[in-house]
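Taking it in order: structure first as structure tokens, then the write-up.
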Amino acid sequence: MSSPATEPSATKPRSGTQGPASVLTPQREDFPRWYQEVLAKAEMAENGPVRGTIVIRPYGYSIWERMQENVDRRIKQAGASNAYFPLFIPQSYLQREAEHVEGFSPELAVVTHAGGDRLEEPIVVRPTSETVVGEYMAKWVQSYRDLPLLLNQWANVVRWELRPRLFLRTSEFLWQEGHTAHGTKEEAAAYARQIHLDVYRSFLTDIAAIPVLVGHKTPRERFAGAINTLTCEAMMADGKALQIATSHELGQNFARAFGIDFLGQDGQRHLAWTTSWGSSTRMVGGLVMAHGDDRGLRIPPRLAPIQVVVVAVRNDQAVSDAVEKLVSALSQSGVRAISDIREGSFGRRVTEWELKGIPLRLEIGPRDLGEGRATIVRRDLPADVAKSQISLQEIPQAVKGILEEIQAALYDQALARQLSLSTQVDSVGEAIQAAEKGFAYIPKNLVDEAAEEEMAASAVTVRCVQRPDGSLADSEDEEGLVCVVARSY
RNA sequence: CGGGGAGUGGCGCAGCGGUAGCGCUCCUGCUUUGGGAGCAGGCGGUCGGGGGUUCGAAUCCCCCCUCCCCGACCA
């Protein structure tokens, strides 16, 4: 927060009939504050009673549900099946994989008492489920015929966070975690890659309209216990990076620790190769920070729980009837539309829909009605150019096309920003400098462990390693790769 | 855990020895409704907790708790 002298007029509505009232602290002024305010005012989420916990409100949850639905469908298309494993994990399981425990122990919540007594063996509240799943995979995998074993679960996990932020880092969060076992290293690697590209990248770009960088993590940034980690990184409106989804090759580390082995066609026992991959409610935070502007959220139409709101400008019977008629026509053509015929000032209601980021707003008042038209307002455009008129008859067929234009516009705007805040550099010092504003691209051969250390001292990290053309390398060891370096959430 | 702040109605704040106030929100009524409406009335707080000083504590002192910001870890 700033000094107490300059106090917030930010929450105070401005009167007058022109210019967008500033309902939020402008992003450029104080981005973290903008983020908190927009989540509160758009009724997305708030803090829970225990530090680091989150209460996801119905509107926020409806966005998460849309994400879940789409990601879940893609996961199933990739051949995995949903299952459910327990929240409570024996502490000894975690300890079986050395790097895994080491990585997670600082953030574990451990149950030491239950049923009124001290427990013989402490129980860990799952921070992730590789260990329990490994235990059961070992049981279920006997023969090469049992492979690949492709599992996914939707669950909550707990990682005790020192510096929580709504959606981005909370001590408890919701996610999807996939766990698979394969007969060969190549097959495991290919599957992790498939999930990464066909589920995560394609969901993020095609549905969430968030341009993402895909690449490998450096050993330093890898998942605890993995031999390779793939990441989707996106740039937020303030130029910082957010890791939105990751996919891991676990090699045979967990197979060895949990005895996941199988009898091959050759009659010999072989250790399986496993993968894991996840995406979480962090995506909601990423969506907010990638698309939001000074007037509030902007939800891309393909994802939006509400694509169109039809607002009655006046509380008037003829107008209300026209609004409802239009909403049902839209609904029938497969558009997610709602009406707003509430009492209360027009300005207030409109502001609420803008805060919530509804992609398209139709306004009908007596004047419009008299001329057989409606006012149409796009949320992706600046306020002064967002409005136009459209005849009532045209609306149902026109809307779908406009929604697709908005979808594309949001992606394009996010991509344009990412490109404008990205810099090619050829020294670590320049990379640190450039990361103040956005992403720095630096040849990988200039980034050794000492360089990573140096960058870390300035709160800058290698977000991912990729080919110069942005494509995903076959391996982290490929020649000529570049590191994308940035500050991150 | 180190370094800085702050805890007063739902939210944001003022008050800093004399018994709690403002703005927004909320409720009621009327007038309104084309970008967060106006007027009138009203609900709501044992001032984070505990101890102490004092005739008297939100205000001063001590202890504790919590939250926020900046650093080391993370989807």
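Observations on the structure shown:
- Where strands (runs of 3 or more DSSP E) fall wholly inside region A:186-261, the ranges with 3 or more residues that are under 30 Å from A:Leu303 (Cα atoms) and in contact with a Lys or Arg (Cβ under 6 Å, 6 or more places away or on another chain) are A:228-235.
- Qualifying residue in region A:196-209 (condition: crowded, with 21+ Cβ neighbours inside 10 Å and polar (S, T, N, Q)): no
- Selection within region A:338-359 - open to solvent by less than 40 Å² (accessible area, probe 1.4 Å) and either free of Cβ contacts under 8 Å to residues at least 24 places away in the same chain or part of a loop (DSSP other than H, G, I, E, B) (or both): A:Lys356, A:Gly357, A:Ile358, A:Pro359
- Taken as a whole, the structure leaves A:Val335 outside the set of residues that are buried (at least 20 other Cβ atoms within 10 Å of the Cβ), away from RNA strand B (no atom under 11 Å from the Cβ) and farther than 30 Å from A:Gln36 by Cβ.
- Exactly one residue among A:Leu369, A:Leu330, A:Leu381, A:Leu362 is more than 7 Å from RNA strand B (Cβ to nearest atom), open to solvent by 10 Å² or more (accessible area, probe 1.4 Å) and not assigned by TED's automatic domain parsing to the domain that holds A:Ser62, and that residue is A:Leu381.
- Checking each residue in region A:38-55 for being under 16 Å from A:Leu24 (Cα atoms) and either within 9 Å of RNA strand B (Cβ to nearest atom) or in a loop (DSSP other than H, G, I, E, B) (or both) picks out A:Ala40, A:Lys41, A:Ala42, A:Glu43, A:Met44.
- If you go through region A:438-451 and keep only what is surrounded by fewer than 16 Cβ atoms within 10 Å (Cβ to Cβ) and either in contact with a Cys (Cβ under 6 Å, 6 or more places away or on another chain) or not acidic (Asp, Glu) (or both), you end up with A:Pro443, A:Asn445, A:Leu446, A:Ala450.
- Here region A:235-252 is the region considered, the condition is being away from RNA strand B (no atom under 11 Å from the Cβ) and of a type in the set (Gly, Ala, Ser), and the residue that is nearest to the chain's Cα centre (by Cα) is A:Ala237.
- All of A:Arg336, A:Arg342, A:Arg298, A:Arg302 fail the test of being in contact with a helix residue (DSSP H, G or I) (Cβ under 9 Å, 6 or more places away or on another chain), among the basic types (Lys, Arg) and at pLDDT below 95, apart from A:Arg342.
- Exactly one residue out of A:Arg159, A:Arg126 is within 8 Å of RNA strand B (Cβ to nearest atom) and touching a residue at least 12 places away in the same chain (Cβ under 8 Å), and it is A:Arg159.
- Test result for A:Leu119, surrounded by fewer than 23 Cβ atoms within 10 Å (Cβ to Cβ) and away from RNA strand B (no atom under 11 Å from the Cβ): yes
- Residue among A:Phe85, A:Phe104 that is aromatic (Phe, Trp, Tyr), assigned to a loop (DSSP other than H, G, I, E, B), closer than 27 Å to A:Thr229 by Cβ and open to solvent by less than 40 Å² (accessible area, probe 1.4 Å): A:Phe85
- Within region A:216-226, tally of residues that are modelled with pLDDT of 95 or more and open to solvent by 20 Å² or more (accessible area, probe 1.4 Å): 0
- On the stretch given as region A:261-279, residues that are in contact with a Ser or Thr (Cβ under 7 Å, 6 or more places away or on another chain) and either within 22 Å of A:Ala78 (Cα to Cα) or open to solvent by 50 Å² or more (accessible area, probe 1.4 Å) (or both) total 6.
- Only one entry of A:Gln389, A:Gln393, A:Gln433 meets the criterion of being assigned to a loop (DSSP other than H, G, I, E, B) and open to solvent by 30 Å² or more (accessible area, probe 1.4 Å), and that entry is A:Gln393.
- Residue list for region A:298-327, restricted to those being touching a strand residue (DSSP E or B) at 6+ places or on another chain (Cβ under 6 Å) and either within 18 Å of A:Glu404 (Cβ to Cβ) or more than 10 Å from RNA strand B (Cβ to nearest atom) (or both): A:Ile306, A:Val308, A:Val309, A:Val310, A:Ser320, A:Ala322, A:Val323, A:Glu324, A:Leu326, A:Val327
- Looking across A:Glu99, A:Glu7, one residue alone is at pLDDT 85 or above, over 25 Å from A:Gly285 (Cα atoms) and within 13 Å of RNA strand B (Cβ to nearest atom). It is A:Glu99.
- The number of residues in region A:107-122 that are assigned to a loop (DSSP other than H, G, I, E, B) and either more than 26 Å from A:Gln68 (Cα to Cα) or of a type in the set (Lys, Arg) (or both) comes to 2.
- The single condition among (1) within 20 Å of A:Val327 (Cβ to Cβ); (2) surrounded by fewer than 20 Cβ atoms within 10 Å (Cβ to Cβ); (3) within 16 Å of RNA strand B (Cβ to nearest atom) that A:Lys400 does not satisfy is (3).
- The residues in region A:471-487 that are open to solvent by less than 40 Å² (accessible area, probe 1.4 Å) and either out of contact with any strand residue (DSSP E or B) (no Cβ under 9 Å at 6 or more places or on another chain) or within 16 Å of RNA strand B (Cβ to nearest atom) (or both) can be counted, and the count is 3.
- Just one of (1) under 30 Å from A:Ile260 (Cβ atoms); (2) open to solvent by less than 40 Å² (accessible area, probe 1.4 Å) fails for A:Met44. It is (1).
- Residue in region A:20-37 that is farthest from RNA strand B (Cβ to nearest atom), counting only those that are in contact (Cβ under 8 Å) with a residue 60 or more places away in the chain and open to solvent by 60 Å² or more (accessible area, probe 1.4 Å): A:Gln36
- Selection count, region A:452-470, where residues are part of a loop (DSSP other than H, G, I, E, B) and either surrounded by 16 or more Cβ atoms within 10 Å (Cβ to Cβ) or free of Cβ contacts under 8 Å to residues at least 60 places away in the same chain (or both): 6
The values are calculated or read from the model by the stated rules, or taken from the named source; none is laboratory data. This is a predicted model, so every value here is computed, not measured. Please note: Cβ atoms are built from the backbone with ideal geometry, for glycine as well, and neighbour counts cover all protein chains shown. Side chains included, ligands, DNA and RNA excluded: accessible areas come from the protein's heavy atoms. Shrake-Rupley method; radii C 1.70, N 1.55, O 1.52, S 1.80 Å.
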